[in-house]
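Just so you know, all these numbers are worked out from the coordinates, no wet-lab data involved. All values derive from a computational prediction rather than experimental measurement. Virtual Cβ from ideal backbone geometry, glycine too; neighbours counted across all protein chains shown.
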Amino acid sequence: MFGLKASPQEAEAPPELDGDLIRLANVSRVYETKTTETVALDDVSFSVKPGEFVALMGPSGSGKSTLMNILGCLDTPTSGTYRLDGVDVSSLPEDDLADIRVYRIGFVFQSFNLLPRVTVLGNVNLPMAYAGIPVREREERAVAALDAVGLEEARYDHKSNELSGGQMQRVAIARALVNDPAIVLADEPTGNLDTKTGELILATFGRLQQQGRTILLITHEASVAAHANRIVHIRDGRIVDGQEVSA
């Protein structure tokens, strides 16, 4: 839907996925100082197939933020492997990880992270500017992404600080989509929204999944996690169970 021209690194055929878009195998993350060692993730293994909507659920301090940072290529494991699209990204250099963050992962945050005095279209255009997409194509793809998340056209020229919380989160989701990422990674996306608006945003993720998007949602709320098709529970840095969500 929002196709991206292949970069030189993508010109060759990708490795076989074996059915998984994401595969973590025995991933641990340990933070060390001169006097202490903190195990944030402890031997974590799980996988996500293309088109799944998965919630990673755990209380504060459970390790879900560390896991999100590794999934988003913002951090790397101390041990174990993380394969994305069949490629082991666990030990890639920073330049390659930066490319993955631009082209392969769309981020949606609790705090929206929009530029307040920039228009809706300008905010959605931003990742494409970093990717070197021509101006006319940026405009076309930004409009397509905003249409996909259901934001009315009358809001496109509004500055983001003139929008409601729910509208800002729709803009943030559209921004996450424009480079056609393999994954949409949403970190507590309803945390700053009232219940009704949060339900609308979660319904937006549901529609995107029906269109073939892969959604990973990080949350500590059971009511939010229940919108996913599968819930993976994390506690004390370890996966304690995964379950399918009943229809």
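Descriptive notes on the structure:
- Projected label distance in nm at A226 and S79, using a 7 Å step from Cα toward the beta-carbon: 4.0 nm
- Helix-only mean residue ellipticity at 222 nm for the chain, each DSSP H run of n ≥ 4 adding -39500 (n - 2.57), per residue, nearest 500: -9500 deg cm²/dmol
- Summed side-chain charge close to L97 - residues other than L97 whose Cβ falls under 13 Å, Lys, Arg +1, Asp, Glu -1: -4
- Between helix 165-177 and the chain: long-axis angle, C-alpha atoms, 0 to 90°, nearest 10: 70 degrees
- Normalised by the number of residues in the chain, the mean separation of alpha-carbon contacts (under 8 Å, six or more apart) gives a relative contact order of 28 percent.
- Spacing of the two label points (7 Å from each Cα toward its C-beta) at A182 and V118, in nm: 2.6 nm
- Residue separation of A154 and V30 scaled by 0.36 nm, minus their Cα-Cα distance, works out to 39.8 nm of gained length.
- Part-to-part distance (alpha-carbon centres) for region 112-161 and region 163-199, which is given in Å: 13 Å
- Close amide H partners of N113, meaning residues 5 or more places away or on another chain with modelled amide H under 5 Å apart, do not exist here.
- Here the simple spin-label model places points 7 Å from the Cα toward Cβ, and for S45 and R207 these points are separated by 4.0 nm.
- Averaging 1/r over every pair of different alpha carbons in the chain and inverting the result gives a Kirkwood radius of 18.6 Å.
- Rounded to the nearest Hz, the phi-derived 3J(HN,Hα) couplings of region 215-228 under the Karplus curve 6.51 cos²θ - 1.76 cosθ + 1.60 (θ = phi - 60°) are 10, 10, 10, 9, 7, 10, 9, 4, 5, 6, 4, 5, 7, 7, where x marks glycine and proline.
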